[in-house]
1. Working only within region 582-617, note down all residues that are assigned to a helix (DSSP H, G or I) and of a type in the set (Gly, Ala, Ser).
2. Being within 34 Å of the chain's Cα centre (by Cα) and over 30 Å from Arg738 (Cα atoms) narrows it down to one of Gly692, Gly622, Gly637, Gly644, so name that one.
3. So which residues in region 351-384 are among the hydrophobic types (A, V, I, L, M, F, W, C), touching a residue at least 24 places away in the same chain (Cβ under 8 Å) and under 30 Å from Leu555 (Cβ atoms)?
4. Sort through Gly509, Gly567, Gly500, Gly541 and tell me the only one that's assigned by TED's automatic domain parsing to the domain that holds Asp626 and not hydrophobic (A, V, I, L, M, F, W, C).
5. Looking at region 669-685, which of its residues are closer than 15 Å to Arg738 by Cα, at pLDDT 70 or above and either among the hydrophobic types (A, V, I, L, M, F, W, C) or not in a loop (DSSP other than H, G, I, E, B) (or both)?
6. Going through region 442-486 one residue at a time, which ones are within 33 Å of the chain's Cα centre (by Cα), among the charged types (D, E, K, R) and at pLDDT 85 or above?
7. Is there a residue being closer than 30 Å to Leu76 by Cβ, in contact (Cβ under 8 Å) with a residue 60 or more places away in the chain and of a type in the set (A, V, I, L, M) anywhere in region 392-405?
8. Here is a list: Ala321, Ala277, Ala373. Which entry is modelled with pLDDT under 95, small (Gly, Ala, Ser), more than 16 Å from ligand 2 (Cβ to nearest atom) and over 14 Å from the mean Cα position of the chain (by Cα)?
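The values are calculated or read from the model by the stated rules, or taken from the named source; none is laboratory data. Treat the numbers as computed from the prediction; the structure is a model and nothing was measured. Every residue, glycine as well, gets a Cβ built from its backbone with ideal geometry; the counts of neighbours run over all protein chains shown.
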Amino acid sequence: MAGQCPIATDATSPTGCPVSARASAFNPFEGEYQIDPAEALRWAREEEPVFYSPEIGYWVVTRYEDIKSVFRDNILFSPAVALEKMTPSTPEAQSILQKYGYAMQRTMVNEDEPDHMARRRLLLDDFLPENLAKHEPAVRALTRRYMDRFIDRGHADLVSDIFYEIPLTVALHFLGVSEDDASELREFAVAHTLNTWGRPTPEEQLEIAENVGRFWQTANRILDRMIANPDGEGWMYETVRQHFKHPDIVPESYLRSMMMAILAAAHETTSNATANAFWTLLSNPEAWDELCQNPALIPSAVEECLRVAGSIVAWRRIATADTAVGGVEIPEGGRLLLVQASANKDPRHWENADDFDIYRDNASEHMTFGYGAHQCMGKNIGRMEMRVFLEEFTRRLPHMRLKPGQKFENLVNISFRGPASLHVEWDPAQNPERRDPAILDKSLSFAIGAPVKDDILRRVTVRAVSDTGDGVKHIVLQDPRGRPLPAFTAGSHIDLVDGGFRRKYSLCGDANDTSSYEVAILREEDGRDGSKHFCDTLKAGDSVQIAGPRNHFKLDEDASSYVLIAGGIGITPIVAMADRLKALGKPYRLHFCAKLQSALPLLDRVERDHAGALSLHLSADGSRLDLDRTLADLPDGTQVYACGPERMLDALEDLSDRWPEGTLHYEHFSGGAGALDPSVEHAFEAELADSGLTVPVAADQTLYEALRSAGVDMPLDCGEGLCGTCEARVIEGDIDHRDKVLTKQERASGERIMTCCSRAKGNRIVLAL
Ligand code: HEM
Ligand code: FES
């Protein structure tokens, strides 16, 4: 358990804490970690989320929030060790490196502040979405040319036939390096990975040192040509020009180290990520087929592949002062291995964390690109390449299949993950372009950057519609092909999308039955949100779209007892919570209120399943729920969950002032955000402390929109201040709160803002982003 010494072995950590048997046995250079790092650390995510590994001398961090919080603070957790050799060079290997004049110093990824941010900002322009779009046609042309070479062959090793080469060519093009130099650079990349993140034997080190030395020399030769003639196009030329303009910020030694590092950063990361994505998709043929039929899903599939099979599975930091991570003490100088692959499967952050779901609309919150001030600058190049590959392959080779019986062979190391080969096969006679050559000219164009969440929608069929209470329709949805839908937890909702309307509804069916989803929709006469449309038009057999499930109203399953309060249609998330508590055998009371009995939706089901815990309160017959009395003496450790009309929730919030913090949890029906009126609003600036950007927010723009257009990957869900997804931490500046998420105390503390709707009161706000 975090913060306590686990069951001990003889080994102790640098803080004197005994090391558990599993932590002692952990070796990232062998066994399960090399095959599936997230699986290898499942025990740690559950039992010992931050542990000391004597084998590597690192503190291993495995949960999403802990990893994000370390990435977030690059002063306390310096990236200085990001490229440190996991296996120190032998004296023999060192003398080989000296022979080549190898003088690698800090580069962007492992530099400390303030140098890092000054350089990053100076060199960021070429990476911005608007400047990357111009590279897409070249990526597409290359992909088509490479595919032409094997399309009629019926089989390929996708790694050696295409995925290794194209990201290298694209990287060279982006950097401005001539393709003639590519052959020399190609052989050295593997050496760099092993040299930095591997565990080579002393003999292997000799060969690696030769290759690294030659890589260094080649990179320097290319750079010398650029310095002599700095007018060329490409990021490296731009860096050289910045060196001439600002030699203090971009010194020559920096140029030399960066030249070598950026090639590795841009090439293998993307080659591996692409091979992993194809491996994952082809191992899930239903997902692959779905993508072939609906290529609009490609951007979200790319993010889901980066989540479940990223090419960087762990990254490193070093603590610059005594501190704690996840409640575990870390001494100054403590090295941290942040296992992003594990964060990407942490069920505390992800619904159905182990499932591969190309409809997962928050997949882009994965940690594969890191986070914060050092977050990958090239992430949108990697994404763009992966999307083009998938677009071309799903159109030209939808019948391609993984060759059975092959093993995922990875270079033994702690950070880079990707198969050495990926064999696929297909019947060339079935190639769609033989029947319809016009498909060759087709292409989709996705906006550069993380996918837009609202575009990620799953098609479902309405199985049944029935009445349940006054003006309420009970709607049952199922997969069109009868496949299971993703599992959901109590309190989850889906977005229902149809006829131009999009609205959130809590799932109120049996969470153990994934053959369908159930929602209950109140037809609101004055509703702006489409409830009338859904209630009046949906009928069995209709096809509609949904997003989710997502859960912003999670049930804490560790409380000792529960009071559940539902007002009218507010029963929908509450009944799912009651189901769960009943299944867990936890004590709970369920108060269900409305004016009239006929306004109690799902009453039959609630009475059937929860009769023993249920109290009905009907104001029309004098049994109105007296919150004051009902909640007067809450036993210690009780949690209150409520959903219903504003009035009821406001009264509960007032009452909750008397309870320990965190006792009350509630969900509103509606938010407070409306369209922005620029004649009423004012513009302001958002300063981003973690990434060093200053983002102007126009009067008719939300803070969220401004952040997104500056290239910051912010999650968004409701877009109207209801769900808490778009939260950011505020370091400085007064907030004009317009959300329904934060409690009174949280608002007063001025430390958090919902970026989708709330704004700065003044001209400036500083965010921890
Ligand atoms: C940094 C992953 C593609 C350039 C990083 C980091 C990771 C990463 C994990 C460290 C983040 C941190 O410390 O918070 C990836 C993955 C890629 C990819 C998974 C492909 C799928 C690229 C490409 C380029 C690139 C194509 C360049 C063309 C960089 C640079 C940094 C970086 C310059 C250093 C940023 C800084 O420290 O400020 N990348 N990368 N990456 N990446 Fe990428
Ligand atoms: Fe839901 Fe902002 S996105 S509160």
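1. Across region 582-617, the qualifying residues are Ala583, Ser598, Ala599, Ala611, Gly612, Ala613.
2. Exactly one residue qualifies, and that residue is Gly637.
3. Phe356, Ile358, Ala363, Met367
4. Answer to the selection: Gly567.
5. Selection gives Leu676, Val680.
6. The answer is Lys442, Arg458, Arg459, Arg463, Asp479, Arg481, Arg483.
7. No, because not a single residue in region 392-405 is closer than 30 Å to Leu76 by Cβ, in contact (Cβ under 8 Å) with a residue 60 or more places away in the chain and of a type in the set (A, V, I, L, M).
8. Ala373
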